[in-house]
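Participant: I'd like to ask some things about the structure below.
The values are calculated or read from the model by the stated rules, or taken from the named source; none is laboratory data. Bear in mind that the values here come from a model prediction, so they are computed numbers and not experimental data. With ideal geometry, Cβ positions are generated from the backbone for all residues, glycine too; neighbour counts draw on all protein chains shown.
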Amino acid sequence: RDVAVIISDTHGRALRRGQINVAIGVAGIKAIRDRRNERDLFGYTLRIKQTAIADELCSAAELVMGQADEGIPAAIIRGYQYERNEDSTAKNLIWPREKALFL
């Protein structure tokens, strides 16, 4: 069986209330799905869409794991069709310093 592993931690977001879980470690899964130049349901070309798959999965897992006294250290996500990738890392999710908006 192919198994991907994502390690997460709590993260605050600029201009948003609340915190979410984001990926700080990724193995066996492509961290970002680049959808640029694909077509949407209405035939428009996507120009900037890059989905942070690893972060999205971490946020979903947090709803099960909790952040306080739940005592659930891991979540298993089944049925998600993901792109396997041994070269992708959580660093792929971070903007280069020269493109960062909030520095």
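Participant: Within segment 1-13, which residues are assigned to a loop (DSSP other than H, G, I, E, B), touching a residue at least 12 places away in the same chain (Cβ under 8 Å) and within 17 Å of the chain's Cα centre (by Cα)?
Facilitator: Answer for segment 1-13, where residues must be assigned to a loop (DSSP other than H, G, I, E, B), touching a residue at least 12 places away in the same chain (Cβ under 8 Å) and within 17 Å of the chain's Cα centre (by Cα): 3, 4.
Participant: Could you tell me whether any residue of segment 52-61 is among the hydroxyl-bearing types (Ser, Thr, Tyr) and surrounded by 14 or more Cβ atoms within 10 Å (Cβ to Cβ)?
Facilitator: Yes, some residue in segment 52-61 is among the hydroxyl-bearing types (Ser, Thr, Tyr) and surrounded by 14 or more Cβ atoms within 10 Å (Cβ to Cβ).
Residue-by-condition table, conditions (1) surrounded by 10 or more Cβ atoms within 10 Å (Cβ to Cβ); (2) over 15 Å from the mean Cα position of the chain (by Cα):
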residue: 64; (1), (2): yes, yes
residue: 73; (1), (2): no, yes
residue: 81; (1), (2): no, no
residue: 84; (1), (2): yes, no
residue: 87; (1), (2): no, yes
residue: 95; (1), (2): yes, no
residue: 101; (1), (2): no, yes
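Participant: Are any residues in segment 18-53 under 14 Å from residue 85 (Cα atoms) and more than 9 Å from the chain's Cα centre (by Cα), and if so, which ones?
Facilitator: 25, 26, 27, 28, 29, 30, 33, 34
Participant: Also, quick follow-up: Would you check if there is a residue in segment 28-39 being among the charged types (D, E, K, R) and either farther than 29 Å from residue 102 by Cα or modelled with pLDDT under 95 (or both)?
Facilitator: yes
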